[in-house]
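Trainee: Sharing a structure here in structure tokens format.
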Amino acid sequence: MPIYTLIFVLLIKMTEGQYGHSGTESLYGLLVDKPIVFKPDSSINKCLFLEDYESYFLKFFPNKKRQRTHDFIRSSPVMIFSDQLKEEYLIAYRYEGGNEYAFDCFEIGYFEDDKKLNKKLAVISKETIFMTESGLGLGSTLEEVTNTKGKNFKVKRKGNDMTLTYYLSDKHAFVKRYYMLAYFMEFRLRENKVRQITFGFEYP
């Protein structure tokens, strides 16, 4: 084997070893990007989880006082929380027939973007910001979203806003685990920065 060929093969092997666990794979000695597979998020700040009423009392809001549920804010009854500065909101949806604190869907956004959402209705939480367990939150960039969740989404555009929607059907193992119809995760962006995230199960 010519010396130049040997050096080239050794360099390829070294590169494979260096990048073998960073989202790349080797194809005929060339590095090829692996497609990012969408993984659903199920929590806010790794303490409030979908369909888990215990996480509400044990981690997110240990105060045993009952919180008010609001009708007509969204399509189903919701509880509304804010961060410490009352800049970000968290809306927790409870679908009909479900446990009062086992939420089916979460929505986070800026109060300034939803003029109809009254800050006075929000319970102030201990959180300084709201984000999903994958580290995505308000202000995340389009690149951060696609690098984390992949590019298997549908896009809608309205004015200056762009909405990315990821979807899992009832055939997916994650959805089957909860006996739900489908799961979705939606990012609304403006100028390539996230202004709102909604994720959870579809209304039955």
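Trainee: Could you give the length gained by full extension between Asn160 and Glu112, i.e. 0.36 nm per residue of separation minus their alpha carbon distance, to one decimal place?
Mentor: 15.7 nm
Trainee: I need Arg190, Arg195, Arg68 ordered by Cβ neighbour count within 10 Å, fewest first.
Mentor: Ordered by Cβ neighbours within 10 Å, fewest first: Arg68, Arg190, Arg195.
Trainee: Given contacts defined as C-alpha pairs under 8 Å and at least six residues apart, what's the relative contact order of segment 43-201, whole-number percent?
Mentor: 20
Trainee: If the chain between Thr128 and Lys46 were fully stretched, how many nm would it gain, using 0.36 nm times the residue separation less the Cα-Cα distance?
Mentor: Going from the current span to full extension adds 28.2 nm.
Trainee: Let me ask you something else. Express the Stokes-Einstein translational diffusion coefficient of segment 43-201 in µm² s⁻¹, to the nearest whole number, given a Kirkwood radius over alpha-carbon pairs, 37 °C and a viscosity of 0.692 mPa s.
Mentor: 203
Trainee: Let me ask something else. About the Cα centre of segment 53-160, what is the dipole size in debye to 20, counting +1 per Lys and Arg Cβ and -1 per Asp and Glu Cβ, all else neutral?
Mentor: That gives a dipole near 300 debye.
Trainee: Also, I was wondering about something else. Going by amide H atoms built from the backbone, whose H comes under 5 Å of the H on Ser140, apart from near neighbours?
Mentor: So Ser140 has HN proximity to Val194.
Trainee: Kindly flag which residue pairs out of Lys126/Lys151; Lys46/Lys171; Lys65/Lys120 have an alpha-carbon separation exceeding 22 Å in this structure.
Mentor: Lys126/Lys151; Lys46/Lys171
Trainee: Which of Thr141, Phe111, Leu121 sits farthest toward the positive end of the charge dipole of segment 82-204, with +1 on the Cβ of Lys and Arg and -1 on the Cβ of Asp and Glu?
Mentor: Checking the options against the dipole of segment 82-204, the answer is Thr141.
Trainee: Taking a temperature of 37 °C and a viscosity of 0.692 mPa s, what whole-number D in µm²/s does Stokes-Einstein yield for segment 61-121 with Rh from Kirkwood over alpha carbon pairs?
Mentor: The diffusion coefficient I find is 269 µm²/s.
Readers should treat all values here as calculations from the given coordinates under stated rules, not as data from a laboratory. No experiment lies behind these values; they were computed from the predicted model shown. Heads up, the Cβs are rebuilt from the backbone with ideal geometry, glycines too, and the neighbour counts pull from every protein chain shown.
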